[in-house]
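Please read the structure below before turning to the comments.
The numbers here are math on the coordinates, done by the rules we state, and not lab data. Note that the coordinates shown come from a computational prediction; the quantities given were computed from them, not determined experimentally. Reconstructed Cβ throughout: ideal geometry from the backbone, glycine too, with neighbour counts over all protein chains shown.
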Amino acid sequence: MADLYLGIDAGSSVLKAAVFDAEGRQHAIASRRTPLNRPWPGWVEADPDACLAALDAVIAEAASATGRPEAIAAIGISGAMVGAWFVDADGRAIRPGINWEDSRSQTLLDAMIAGRPSLMSDIFAISGSVLQQGCTLPLLAWFRRNAPETLARAAHVLTYKDFLRHHLTGTFAADRSEAAVLPGDARTQGRSAELMALFGIGDLDPLLPDVSASQDIAGHLTKDAAARTGLAAGVPVVAGAGDVIANVIGAGGLKAEAATAILGTTCMVGVCHDEPVFTPPDLGLLFSLPERHWYRAMVNVAGTLNLDWATRLVAPDLAGDPDLFARVTEMAESVAPGANGVTYLPYLSQSGIIAPVADPNARAQFCGLHSGHNPADMIRSVYEGVAFALADLIDLLAIAPETPVTLTGGGSRSALWCHMIADVTGRTIAVPVGTEFGARGAALLAATALGRFETVSAASRAVAAGGTRYSPSADAANIWSEPRARFADFRDRLLG
């Protein structure tokens with residue numbers, strides 16, 4: 001009986017496949033690293049062949065681990081959003097894929113803003129999102145000016161998940177969640193001819209695939225793909241969704257006023273709405289969710305990336321330690337709240353931040369260091385800095401005080417971080433059952449496509465129960481008022 005659904009979560013540096021039943025229970029998982037390359041300052045790229053090999057490997061491994069690969073009824077897919085993957089008519093990449101963190105278009109954007117100071121606000125008025133340098137439209141404009149030969153060779157320009165899906169189905173498709181953030185039109189949840197014309201690339205629309213709903217079947221597993229993965233030829237593959245959208249669905253957040261946060265490589269928090277919300281203006285992102293829902297999100301851009309980087313920097317002796325996570329946690333727990341006066345601003349992404357202000361030049365800093373500080377103080381300050389940044393994001397959103405914030409991502413596995421975030425924000429933090437919410441969201445899209453659920457919203461609600469809740473401690477306000485005020489002071493000095 002075909003009663004299992006395989007979800008693919010193609011992150012920036014790790015590609016996963018997980019198998020779920022219709023109740024959202026995970027049966028198997030496999031993952032492979034797909035490291036990014038940075039060949040020039042501001043360039044962030046992926047090796048297409050390595051990504052495709054990883055895709056085949058994780059599907060085969062996860063399906064085999066169930067003991068019933070023939071029970072895979074459908075496949076859903078999610079991936080790191082926007083960027084650009086240039087392919088020929090057969091779907092073969094003609095150059096490395098470009099990740100969303102890429103900032104090569106910044107000089108072009110600076111010139112456009114100089115000629116039209118209202119540019120960013122004009123884009124926001126249509127898309128509901130602060131434009132990032134690694135979005136597809138500014139990248140296409142950059143290639144038109146700097147590498148027109150690439151555009152001349154390209155038959156299609158895809159996003160990451162759509163590139164991977166073609167490898168499985170041989171078909172070209174896109175979904176609404178990504179079409180609306182190229183940037184696109186948030187109100188229609190599709191592409192914007194006006195914005196394409198604004199970037200001078202209106203004639204390139206034929207390079208972009210047709211758009212469908214995330215839960216629509218976009219193709220079927222080819223014989224070649226079946227041979228590579230061990231699945232049956234003809235298995236349906238849905239259009240899928242961007243990784244943020246799949247995560248919200250898989251965490252049970254596809255319902256009005258639900259608040260869902262991600263503390264993974266990226267740090268963001270958002271609220272699901274049944275209409276597009278453009279406030280506060282010129283801040284954050286507005287994602288299009290299935291069935292006319294929207295996710296208004298504030299994004300710090302860098303989340304657990306800060307802790308990974310800081311650990312390599314101040315505790316290199318822990319590299320390769322099988323208990324790395326436990327050791328780093330012990331370091332942080334050995335220091336009292338306030339990190340002995342060390343403050344960390346977690347703005348580590350090369351593309352800057354888009355909340356609490358939009359600043360592509362924002363950069364991370366350790367503040368208040370002196371010769372008496374040690375690595376544990378610095379590690380503790382990183383935990384705290386990320387918690388304070390997440391609190392800044394929550395403050396920008398209209399979340400009712402009694403509404404719990406569902407926390408997902410690798411950071412949600414840290415009880416220390418969860419307690420800290422609850423204390424700093426004064427809110428209940430809910431960590432749902434499971435770990436692979438992006439893959440689960442993709443699998444739920446596949447299950448909906450086959451009629452297992454009447455709607456994607458119903459599928460998301462079906463997996464929303466259970467988990468662990470962290471409530472603010474009684475003395476949290478007294479403990480954290482001074483450290484957070486110190487953070488705010490250094491933040492405001494940096495960001496203005």
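Things to note:
- For segment 4-245, the dipole from Cβ point charges (+1 on Lys and Arg, -1 on Asp and Glu) about the Cα centre works out to 260 debye, to the nearest 20.
- Taken along the Cα-to-beta-carbon direction at a fixed 7 Å, the label points for ALA256 and LEU495 span 3.0 nm.
- Residues in segment 276-311 reached by a label modelled at THR455 [backbone nitrogen below 17 Å; 7 Å Cα→Cβ]: 276, 288-295
- Proximal aspartates and glutamates relative to LYS16, as straight alpha-carbon distance under 14 Å, when same-chain residues fewer than 8 apart are discounted: ASP56, GLU61, ASP243, GLU436
- Neighbour-count order for THR169, THR428, fewest beta carbons within 10 angstrom listed first: THR428, THR169
- Average Cα contact separation per residue, segment 4-245, under 8 Å, 6 or more apart, as relative contact order %: 21 percent
- Note on segment 136-215 and segment 1-77: Cα centroid distance 23 Å, given to the nearest whole angstrom.
- In order along segment 349-360, the Karplus-derived 3J(HN,Hα) couplings, from 6.51 cos²θ - 1.76 cosθ + 1.60 at θ = phi - 60°, round to 5, 5, 8, x, 9, 10, 5, x, 9, 8, 8, x Hz, and Gly and Pro are given as x.
- Mean Cα-pair separation over length for segment 249-334, i.e. relative contact order, pairs under 8 Å, 6 or more apart, %: 24 percent
- Share of pairwise Cα-Cα distances greater than 23 Å in segment 4-245 is 47 percent (whole percent).
- Mean separation of Cα contacts under 8 Å, 6 or more apart, over the residue count of segment 297-423: relative contact order %: 31 percent
- Residues whose amide H lies under 5 Å from that of ALA28, counting only those 5 or more places away or on a different chain, are VAL19; hydrogens are built 1.01 Å from N in the peptide plane.
- Point-to-point label distance, SER118-ASP3, nm (Cα→Cβ direction, 7 Å offset): 5.9 nm
- Volume in Å³ per residue [convex hull over Cα atoms, computed for the chain]: 134 Å³
- In range of the label at ARG145: residues from segment 70-114 whose backbone nitrogen is under 12 Å from the point 7 Å along Cα→Cβ: 104-114
- Separation of segment 434-496 from segment 311-380 is 22 Å, based on Cα centroids.
- Sorted by Cβ neighbour density within 10 Å, fewest at the top, the residues GLU384, GLU333: GLU333, GLU384
- The residues SER13, SER103, SER371, when put in order of fewest to most other Cβ atoms within 10 Å, stand as SER371, SER13, SER103.
- For ASP56, the shell of other residues with beta-carbons less than 12 Å away shows a net charge of -1, using +1 for Lys and Arg and -1 for Asp and Glu.
- Inter-site label distance for ASP282 and ALA474 at 7 Å from Cα along Cβ, in nm: 4.6 nm
- Packing here is the average count of other Cβ atoms within 10 Å per residue, and on that basis the peptides 144-152, 260-268, highest first, run 260-268, 144-152.
- If you plug the beta carbon distance of ALA227 and LEU369 into 1/(1 + (r/R0)^6) with R0 = 51 Å, you get a FRET efficiency near 0.35.
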